[in-house]
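Data first, discussion second: the structure below is written as structure tokens.
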Amino acid sequence: MTEQIVRLHPRISANKLGEYLVSPPLRRQTIIERQKYPCSYIGAYYEPARAAIVDFIVGEIDRAQLLRRTEQIVTGPHESSYAMHQAHGCAEAVLRFLDLEPRLDLHGMTPVLVDRHDKLDVEGVDVSVYPDVVLQGHDDKGRPTVGAIKLHFPKSHPQTEASAEYVATLLRMHAHLAMGERGKVREDVCIVIDVFAGQVRCAPRGYRRRWRDIGAACEEIRRVWPTV
């Protein structure tokens, strides 16, 4: 039996923070509890799908290769019924992504992988933004620009328009604060993709109010963290 992980310092993922900001009090408490006492298998459930989709976005594989890789995920050996269920869930995620992919406009930016991303410190809370893909390009004067893509998978908690805009705002601020040396941030290529909901949303132009909301939510999380 594995020992329960306990995070002593408050932290939260970008996707969960987006959900937190639009949730009622009881759901907020549950989110904090699950961030403090995480289940390792939950985050890894869609990892095969995420890895395959990222390879497709950055051009490591084409559509046909993505479909073959998805088939291999399903037909490969499975050690348990859980593993088989996971494989089929990942395959469905890839197919859902391919349905919405024609609406994914990168505005001529080049997708690249960045192995390491620093967390954002927001009001004493470590926020894990971790873009799945970084976008690099140049404006019409040849100056470097930067953006990012964040994938969202869970079916049980689809993103609302409001929560997706909060996550996209986090992407924008991460690009500005942690990747500023790569260029000026373009909000129209700070993109959040909810795979199962079939939604693709970019960071809104106005971000100050949302950033204040994010700061207030993190202050609340930091205050509540020791009590859960």
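The values are calculated or read from the model by the stated rules, or taken from the named source; none is laboratory data. Remember, predicted model here, so these are calculated numbers, not experimental data. Don't worry about glycine lacking a Cβ; one is built from the backbone with ideal geometry, like all the others, and counts go over all protein chains shown.
Restricted to the stretch 1-12, and to residues there that are at pLDDT below 95 and out of contact with any Lys or Arg (no Cβ under 7 Å at 6 or more places or on another chain), the residue that is surrounded by the fewest Cβ atoms within 10 Å (Cβ to Cβ) is Met1. The set of residues from the stretch 105-134 being modelled with pLDDT of 95 or more and either touching a Cys at 6+ places or on another chain (Cβ under 6 Å) or of a type in the set (Lys, Arg) (or both) comprises Val122, Glu123, Val125.
In the stretch 69-151, counting only strands (runs of 3 or more DSSP E) that sit wholly within it, the ones holding 3 or more residues that are more than 19 Å from Glu47 (Cα to Cα) span 120-122, 125-128, 133-138. Looking only at the stretch 55-65, decide whether some residue is loosely packed, with under 12 Cβ neighbours inside 10 Å and assigned to a helix (DSSP H, G or I). Among the residues of the stretch 55-65, at least one is loosely packed, with under 12 Cβ neighbours inside 10 Å and assigned to a helix (DSSP H, G or I), which makes the answer yes.
With respect to the conditions (1) in a helix (DSSP H, G or I); (2) touching a residue at least 40 places away in the same chain (Cβ under 8 Å); (3) surrounded by fewer than 18 Cβ atoms within 10 Å (Cβ to Cβ), Arg50 lacks only one, and its number is (3).
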